[in-house]
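S.K.: Got a structure for you, questions after.
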Amino acid sequence: MPSLFAAYLRVYEPLTAFDRDRQTFWRRYVQSGRAVTPLDGPGRQRTAVIEALGAGWTRLPDLPDEAYVLQVEDTLLVCPWNLRLRVAEAALNARDGVPSVLADAFVPPILAGQAKAVVEDWRSGARVLEHGVPRVHEQIATWGVPLRWFVFVSPDERELSVEPGRRMLRYRTEISKARRRASRGLSVLRKSVGDAPITEAVEEGARWLEEFHPRSVVELDYGGLVDLLPDDKLNADDSPELVAKGLAALSRSDGEAATEAYESLVARWRAVQLLERCN
């Protein structure tokens, strides 16, 4: 099941990125007051997935369309949830590491086959909406933030709140800026470390960003991870700055400074990941 201790990389697209029917749907969706905030959304998504998977296990259910909504000046942007994909992923994850007899009893092979087809379809990009709109607007990482995500944002884009009930840490940026940062980072990584896993990871993220409308907004949200970090840790978090320092050091062939920045990042997020074992 999707964990609440997760971080999120989202893309909000303007309505013009969608076909006419979807534009009408999302306008009505917002006008009806159905839009959910990023603070409440992960819990709602988790509940929807659990309820869907408990409904007989005979087929992947048809789930209502939901989205996060962002208003930037006069532009309305939406980030669809893609709940059908979440349910399919949860169904497959439920079979991982479980003896086949138990796995088949919990998630029947027919349902598993349907779920696998949905996931593979989405990952291959075979089912793309009109006008080149991607099907996945939100990436999720549990028990930590992938270091490659920090390449796309800048420290001065941070939004922080430690108010009880409204704790959050996120970064929002124009997708054009995120793409430029990804391009610069890739150039440095290719010259300094070549085809290393981090280079491939940043390249994959850069390709994902290229699929969206040029007036989109990118959001890196610490989500439920803020509940694992005390106020002083949230206030002091400078992960995007450390990534920028590391890349700058690589660009000038300063291996010592690059290693120092990388090790600081790894140590920080390893401490969070280790909390999963205590959970």
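The values are calculated or read from the model by the stated rules, or taken from the named source; none is laboratory data. Not measured: the values here are computed from a predicted model. Every residue, glycine among them, receives a Cβ derived from its backbone with ideal geometry; neighbour counts consider all protein chains shown. In case anyone asks, the SASA skips ligands and DNA or RNA and just uses the protein heavy atoms, side chains included. Shrake-Rupley method; radii C 1.70, N 1.55, O 1.52, S 1.80 Å.
S.K.: Amide H neighbours of LEU76 under 5 Å, at least 5 residues apart or on other chains, H built in the peptide plane: list them.
M.R.: Those lying under 5 Å, H to H, from LEU76 are LEU15.
S.K.: Between 0 and 90 degrees, rounded to the nearest ten: what's the tilt of helix 83-93 against the longest Cα principal axis of the chain?
M.R.: 80 degrees
S.K.: Further question on the same structure: Residue by residue through segment 240-249, which ³J(HN,Hα) values in whole Hz follow from phi under the Karplus form 6.51 cos²θ - 1.76 cosθ + 1.60 (θ = phi - 60°), with glycine and proline marked x?
M.R.: Computed from phi, the couplings for segment 240-249 are x, 5, 5, 5, 4, 5, x, 5, 5, 5 Hz.
S.K.: Quote the FRET efficiency, to the nearest 0.05, computed for SER176 versus LYS116 with a Förster distance R0 of 25 Å and r equal to the Cβ-Cβ distance.
M.R.: Values: r = 36 Å, r/R0 = 1.43.
For SER176 and LYS116, the calculated efficiency is 0.10.
S.K.: Nearest 0.05, what FRET efficiency do SER187 and THR259 give at R0 = 25 Å with Cβ-Cβ as r?
M.R.: 0.80
S.K.: Starting from the Cα of ASP65, step 7 Å along the direction of its Cβ; do the same at SER161; then give the gap between the two resulting points in nm.
M.R.: Result: 2.8 nm between the two label points.
S.K.: Just the number, please: carbon plus sulfur as a percent of the accessible area of segment 172-279, 1.4 Å probe, no ligands or DNA/RNA counted.
M.R.: 48 percent
S.K.: Among the lysines in the chain, how many pairs, 8 or more places apart or on different chains, have alpha carbons under 28 Å apart?
M.R.: For the chain, the number of qualifying lysine pairs is 5.
S.K.: Per the helix-only calculation at 222 nm, which mean residue ellipticity applies to the chain, given -39500 (n - 2.57) for every DSSP H run of n ≥ 4 and division by its residues, nearest 500 deg cm²/dmol?
M.R.: -15000 deg cm²/dmol, from helical runs alone.
S.K.: Evaluate E = 1/(1 + (r/R0)^6) for GLN23 and GLN139, where r is the Cβ-Cβ distance and R0 equals 35 Å; express this FRET efficiency to the nearest 0.05.
M.R.: Details: r = 24 Å, r/R0 = 0.69.
Approximately 0.90, to the nearest 0.05.
S.K.: When Lys and Arg each count +1 and Asp and Glu each count -1, what net charge do the other residues less than 13 Å away from LEU76, Cβ to Cβ, add up to?
M.R.: Taking every Cβ under 13 Å from that of LEU76, the sum is +1.
S.K.: Which ³J(HN,Hα) values in Hz, rounded to whole numbers, follow from the phi angles of segment 188-204 under the Karplus curve 6.51 cos²θ - 1.76 cosθ + 1.60, where θ = phi - 60° and Gly and Pro get x?
M.R.: 5, 5, 5, 6, 9, 10, x, 7, 7, x, 5, 5, 5, 5, 5, 5, 4
S.K.: Residue by residue through segment 64-69, what is 3J(HN,Hα) from phi via Karplus (6.51 cos²θ - 1.76 cosθ + 1.60, θ = phi - 60°)? Round to whole Hz and write x for glycine and proline.
M.R.: x, 6, 10, 7, 7, 10
S.K.: Can I ask one more? Give the long-range amide H neighbours of ASN82: residues separated by 5 or more places, or on another chain, with amide H under 5 Å away, using H modelled in the peptide plane at 1.01 Å from N.
M.R.: The answer is GLU66.
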